[in-house]
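Only the coordinates and a few stated rules stand behind these numbers; no lab work does. Because the structure is a prediction, the values reported are computed rather than measured. All Cβ positions, even for glycine, are placed from backbone atoms using ideal geometry, and neighbour counts span all protein chains on display.
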Amino acid sequence: MIDNSSELSVDVAIIGAGPAGLTAGYLLTKAGKTVAIIEKDETYVGGISRTVQHEGYRFDIGGHRFFSKSQAVVDLWNEILPDDFIQRPRMSRIYYEGKFYSYPLRAFEALRNLGIWRSVACMASYAWSKVFPVREVRSFEDWTSNQFGKRLYSIFFKTYTEKVWGMPCNEMSADWAAQRIKGLSLWGAVTDGLKRSLGLNRRPNDGQAVKTLLETFRYPRQGPGMMWDAARDRIVASGNGTVIMGHGLEQLAADGQGGWRMTASAANGDKVVVKAAHAISSAPMRELAARLHPLPDTTLNAANLRYRDFLTVALMVEGEDLFPDNWIYIHDSKVKVGRVQNFRSWSPEMVPDKSMACVGLEYFCFEGDGLWSMADEDLVALSTREMQILGLLDPAKVKCGAVVRQEKAYPVYDETYAANVAAMRFELEDKHPSLHLVGRNGMHRYNNQDHAMMTAMLTVENIIAGRRVFDTWCVNEDAEYHEAGNEGAEKALPLRETETLSPDQAAALASVRDVPRRIAPGTKAA
């Protein structure tokens, strides 16, 4: 029991019980280190990877396929949750102008849906982009138009992307496109789709499909929260770890001896103080900077970092499943919904009643705006209307609904984010060797669940070694497409000896403020 006079002394204090924080806590306790983890949610661990329950129905907040190229991550999943994975088929489609497009693309289907003249126009636009590309690529629109042509960009990227981020594509950093869709090309998608359409994606000897894009994935039978509940339980059972729920970070203060004094508070005013030699933060970088003592010089840089929030409206619908997809991307400006999930397609155990279907409509918004502030019953009514507009359900069969709000779901990649992150990285980590940033929001990088875990795994290696041997920022740096390749194909973590800043990061930092810094290899001092 944590009360208002509690004080703990541990080896490592951890902010946030999401995938990164719990991975770090689990590996540290296995290594004999003591840890204390604070989590502001009173009920759930797992962050955005938690599984919310409502009257027996389970909701995955965003959809989390358990697929990783890293064998180390796969092994850790199997170690923490050895008996509860099921194998699920991957099916996602795009909804555009009343028609569905398979993803990955099926060439003949796409041609039929778009029509011959529009298909010809798309190919001509693609050819034009190859001959006359945008030379100075600054934005998501520039990068994607160069990659696919203006026509396909406007059909399959613009509407959905602007729904997700709430900003024009020409104001979004090209880094976002490079990270999420690098490795996908129009020609590759067409040739792969053609092979699928003709049944040519089979190995000659065994008739099995050649793996190109991910076709199946593993999933905990009752949602991703199973993984993180199990990780929490193992940390506590080790005797070396404490997980303090319902307590948010109030202050993280340097103790003057290289360590930290972390204060966390609950809604009822109770506080806990944790003294530790190291601190690991998966909290949003902006929030950490505001609560750090003394305040960093780059507080204004942190204040300029932006986040996108979202909410899920789950509808319980009488009858069989409405569609077979895990989720459908809605590229339609007539509705506000951006994506629709079918929870039974993730796992049959997510829906307790076989006579009922359960779908989740995802709305991307900013905390405090009109969507975020709508009453739950109004959001359920809006979702029901939009599903009717899309032709995906009969509103008379909707029996009830529930709303889950998720703040700071996505770090925003706007025009200034890279410079601000570079400045914060120097200020927080380079000045404080015992402070470690991990995870999606902790590093303000759009990491998938497995990438967040990798940053924690490398951080643990550094803490155990007693110095920063490995660069956690090399995780997900190659920015290859996240759902291509074979599970566990990479047998080792992306280990790279620490270097302070890459050339691009050094340039970004120099554009923000003139600070003393070590120059990365290959970068000449000004």
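So here's what we get for this one:
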quantity	calculated
Pairwise FRET efficiency - residue 303 versus residue 221, Cβ, R0 = 41 Å, nearest 0.05	0.45
Region 233-298 and region 52-98: distance between their alpha carbon centers, rounded to Å	30
Rounded FRET efficiency, nearest 0.05, which uses the C-beta distance separating residue 75 from residue 469 and R0 of 25 Å	0.75
Karplus (6.51, -1.76, 1.60) ³J(HN,Hα), θ = phi - 60°, over region 140-155, in Hz, Gly and Pro reported as x	4, 4, 4, 5, 6, 5, 4, 6, 10, x, 4, 5, 5, 4, 5, 7
Likely footprinting exposure, 40, 399, fewest C-beta neighbours within 10 Å first	399, 40
Zone of residue 255's modelled label, taken as backbone nitrogen in region 7-35 under 11 Å from a point 7 Å along Cα→Cβ	8-13
Whole-Hz ³J(HN,Hα) from phi, Karplus 6.51 cos²θ - 1.76 cosθ + 1.60, for region 378-387, glycine and proline x	6, 5, 4, 5, 4, 4, 4, 4, 5, 5
Between region 366-390 and region 124-155, the alpha-carbon center distance in angstrom	34
Exposure proxy order (Cβ contacts within 10 Å, fewest to most) of 70, 347	347, 70
Cα→Cβ-extended label distance, 7 Å offset, between residue 31 and residue 490, nm	2.0
Taking 426, 156 and counting other C-beta atoms within 10 Å, the order from fewest to most	156, 426
Distance between modelled label sites at residue 54 and residue 375, nm, 7 Å Cα→Cβ extension	1.6
Paramagnetic reach from residue 136 in region 403-440 [backbone N under 20 Å; point 7 Å along Cα→Cβ]	414-419
Added length on full extension, which subtracts the Cα-Cα distance from 0.36 nm per residue, residue 43 to residue 124	23.8 nm
